[in-house]
């Protein structure tokens, strides 16, 4: 029996059907009935609960031998002792490459602290660190960008747009999770999962425009000025649509080594041009 936390999340909603196809018995920790729309309820067990309420997690872990923790890594300190208590023998934890940012922030600190808890847990764990996840209609990363490019012929760039990044397609992440479950070589190991190769943000925008068959004009804006204005906007707006921290990240490269994952379980992510075409075409 596998317990999946974060089952109704973007990644979780794609993982569950693949686990079912592999004939795993799956139980999903779900907070509210409203979220069940993303789960094939007739094929899994539903455990109503919340990671912030330990008694509900204890019930959900009853009879479970494997945990796939897709929920935020900050909950590691809550769920790890409950897993030990329940006798969970195997655990996959989804972390984030946010831990590598050169700009100190609370979200990066939460990731680092969560990973430290897992290393000391005594569980037979695998720690997977995906980069920006995209694919499907629910991703928070590429959906807005695709819509902006679809609707506007002039596209602003924060800075020159030459910062590098390496997003990972959601199906490639899902396959990696299952491959790690089925490969003992990954026990007590950590892997960074990213796309096949890094590319610039400028090239990202051009690739999306090409997939949409759109002609766009790129307008570079000084990064320092954008950051200054973003800080003012953030302070004067109740619900800002973007933050200064998000703008600041355009000043760093996000390039990652995926060779250990290639070597240990055959991780083979698809090129961004293929993944974004599939997303735009709805081929998921």
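Summary of values
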item: Order of 256, 103 - criterion: other Cβ atoms within 10 Å of each residue's Cβ, fewest first; result: 103, 256
item: Value of [θ]222 nm, deg cm²/dmol, for the chain, DSSP H segments ≥ 4, -39500 (n - 2.57) each, nearest 500; result: -12000 deg cm²/dmol
item: Cβ crowding within 10 Å averaged over residues, with 194-206, 47-59 ranked highest first; result: 194-206, 47-59
item: Ranked 72, 18, criterion: other C-beta atoms within 10 Å, fewest first; result: 18, 72
item: Angle in degrees between helix 76-86 and the longest Cα principal axis of the chain, rounded to the nearest 10; result: 20 degrees
item: Exposure proxy ranking, count of Cβ atoms within 10 Å, fewest first, for 1, 142; result: 1, 142
item: Antiparallel bridges, percent of DSSP beta bridges restricted to the chain (to nearest 5); result: 10 percent
item: Among 235, 102, 144: highest mean-square fluctuation, GNM of the chain, C-alpha pairs under 10 Å; result: 235
item: Percent RCO, i.e. relative contact order, over region 2-130, from Cα pairs under 8 Å lying at least 6 residues apart; result: 23 percent
item: Cα centroid separation - region 160-188 against region 235-267, whole Å; result: 14 Å
item: FRET efficiency estimate (nearest 0.05) - Cβ-Cβ, residue 189 to residue 141, R0 22 angstrom; result: 0.25
item: Geometric extent, Cα atoms of region 2-130 - Rg, Dmax (angstrom); result: 14.3, 45
item: Spin-label pair residue 48/residue 245, simplified geometry with 7 Å Cα→Cβ offset, distance in nm; result: 3.3 nm
item: Protection proxy ranking of 269-279, 150-160 - average other beta-carbon atoms within 10 Å, highest first; result: 269-279, 150-160
item: Full-extension gain in nm, residue 85 to residue 268, via 0.36 nm per residue minus C-alpha separation; result: 62.3 nm
item: Tilt relative to the chain, helix 223-236 - C-alpha long axis, 0 to 90 degrees, to 10; result: 60 degrees
item: Degrees between helix 106-119 axis and first principal axis of the chain (Cα, 0 to 90, nearest 10); result: 30 degrees
item: The chain: most fluctuating residue of 209, 91, 244 per GNM, C-alpha cutoff 10 Å; result: 244
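Only the coordinates and a few stated rules stand behind these numbers; no lab work does. Remember, it's a predicted structure, so these values are computed and weren't measured experimentally. Ideal geometry is used to build each Cβ from the backbone, glycine not excepted, and the neighbour counts take in all protein chains shown.
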